[in-house]
Amino acid sequence: MQRLREIAPGVLVATAEAYTTTSTVVVAEDGGCLVADPAVSVAEVAALAADLAAAGLRPRAGFATHPHWDHVLWSRDLGDVPRYAAPAAVAATAAHREEMIAQVRQAAPGHDLALFGRLAPLPAGAGHIPWDGPPAAVIVHDGHARGHGALFLPDAGVLVAGDMLSDIEIPLLDTDASDPLGDYRAGLRLLAAVPGVRWLVPGHGHVGDAGEFRRRVAADTRYLDLLAAGEPFDDPRCTVPWLRDWHRGQLRSVAGLTGDDPG
Ligand SMILES: [Zn+2]
């Protein structure tokens, strides 16, 4: 695990070994903090909590970018604080709780399941995390998952992109949705239009600067265009078997969908 690193004033990122998963901490002036996506193993979440305590930082709120098991973890050491997510993400977590618990038991055993996925919906219409630290805008869209929420921290120019805009993963579509490609394109457009991004933090992968943000938007747009064309293609990010399998599955799925459409 790569321990907490300050990537911009008041924004810290830790990177877990599993899937190069990032956790982001936003620090308020009084030492309160917002913790997004603490991950992944029990030891890594414990180390994150210990590092925050050692630095005199006290979690005051949490945020889960989306309803997948590796983004809705928590530990008692992080405190009993509201853990927000978009309303659709809270609903999806409740609906899929049993299968998500099976996944966490298999991939990161030992977590306190009483705390797993215990999310509070952002108040209706709230475009920001309701806390008194630095402003944290929530950009909600579908595409990778229902109610996926990116965080944008305008003071620091940091976009916490959840499972979008990764340098090590292809776009992973929610193929159960009625329009996976359309949803993903709409989400990507929303993120691409965020003004003032100086640093990008993907949920899995490496922090990038403004140029890298643009490069990843272009790479993901290209991926979606090729996927829509329905012909086999390669992406340099398909470096491990599960990603190659997922890529082939998406090709099959999208080809099937376009095949159903006489237009
Ligand atoms: Zn995900």
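The values are calculated or read from the model by the stated rules, or taken from the named source; none is laboratory data. No experiment lies behind these values; they were computed from the predicted model shown. With ideal geometry, Cβ positions are generated from the backbone for all residues, glycine too; neighbour counts draw on all protein chains shown. Just the protein is used for accessible areas: all its heavy atoms, side chains included, with ligands, DNA and RNA removed. Shrake-Rupley method; radii C 1.70, N 1.55, O 1.52, S 1.80 Å.
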Worksheet entry | Set of region 16-32 residues, backbone N closer than 12 Å to the point 7 Å along the Cα-Cβ line of A43 | 17-18
Worksheet entry | Heavy atoms of H111: accessible area, 1.4 Å probe, square angstrom to 10 | 20
Worksheet item: Can you give the Rg and Dmax of region 181-241 based on its C-alpha atoms, in angstrom?
Response: 12.6, 36
Discussion item. Looking only at the chain, where both bridge partners belong to it, what percent of the DSSP beta bridges are antiparallel (to the nearest 5)?
Written reply: 70
Practice prompt. Could you work out how far apart the two model spin labels at A210 and T175 are, taking each label as a point 7 Å from the Cα in the direction of the beta carbon, and quote it in nm?
Written response: 3.8
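Quick one: grab the alpha carbon gyration tensor of region 99-197, order the square roots of its eigenvalues as a ≥ b ≥ c, and give me rounded if a/c is under 1.5, else prolate or oblate depending on whether a/b is larger than b/c. Walk me through the intermediate numbers first.
Details: a/c = 1.75, a/b = 1.18, b/c = 1.48.
Oblate, because a/c is 1.5 or more while a/b does not exceed b/c.
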Practice prompt. Set the Förster distance to 35 Å, then compute FRET efficiency between R58 and A192 from the Cβ-Cβ distance, nearest 0.05.
Written response: 0.50
Discussion item. Please compute the modelled spin-label separation between Q106 and A94, points set 7 Å along Cα→Cβ, answer in nm with one decimal.
Written reply: 2.6
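Using just the alpha carbons, could you tell me how many Å³ per residue the convex hull of region 110-258 encloses? Provide the component values of the computation, followed by the final result.
On the way: hull volume 21.3 nm³, N = 149.
Normalising the Cα hull of region 110-258 by residue number yields 143 Å³.
Normalised by the residues of the chain, what does the relative contact order come to in percent, with Cα pairs under 8 Å and at least six apart? If you can, show how the numbers build up before the last one.
Numbers: 505 pairs, mean separation 38.2, N = 263.
For the chain, the relative contact order is 15 percent.
Classify region 35-90 as rounded, prolate or oblate, taking a ≥ b ≥ c as the square roots of the eigenvalues of its Cα gyration tensor: rounded when a/c is under 1.5, otherwise prolate if a/b is larger than b/c and oblate if not. Write down the numbers at each step before the final one.
Working: a/c = 2.72, a/b = 1.54, b/c = 1.76.
Oblate shape, in that a/c is at least 1.5 and b/c is the bigger or equal ratio.
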Worksheet item: At what distance in angstrom do the alpha carbon centres of region 1-67 and region 87-136 lie from each other?
Response: 16
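What ranking of D132, D163 comes out by heavy-atom accessible area, probe 1.4 Å, highest first? List each step's numbers first, then the result.
On the way: D132 120, D163 20 Å².
So, going from the largest accessible area down, we get D132, D163.
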Worksheet, complete the sentence: Summed over the other residues with a beta carbon less than 12 angstrom from that of V90, with K and R at +1 and D and E at -1, the charge totals +4
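E17 to R248: FRET efficiency via 1/(1 + (r/R0)^6), r the Cβ-Cβ distance, R0 22 Å, to the nearest 0.05?
Working: r = 26 Å, r/R0 = 1.19.
Using R0 = 22 Å, I get an efficiency of 0.25.
Compute, for the chain, the length of the dipole vector about the Cα centre, with Cβ point charges of +1 (Lys, Arg) and -1 (Asp, Glu) only. Units Debye, rounded to 20.
Details: 21 positive and 33 negative charges, 51 e Å.
In debye, rounded to 20, the chain gives about 240.
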Worksheet entry | Solvent-accessible heavy-atom area per residue, rounded to whole Å², over the chain at 1.4 Å | 44
Discussion item. I need the phi-derived Karplus couplings for region 130-143: 6.51 cos²θ - 1.76 cosθ + 1.60, θ = phi - 60°, integer Hz, Gly and Pro marked x.
Written reply: x, 8, 9, x, x, x, 9, 6, 10, 10, 9, 7, 9, x
Worksheet item: Can you give the Rg and Dmax of region 1-112 based on its C-alpha atoms, in angstrom?
Response: 13.4, 39
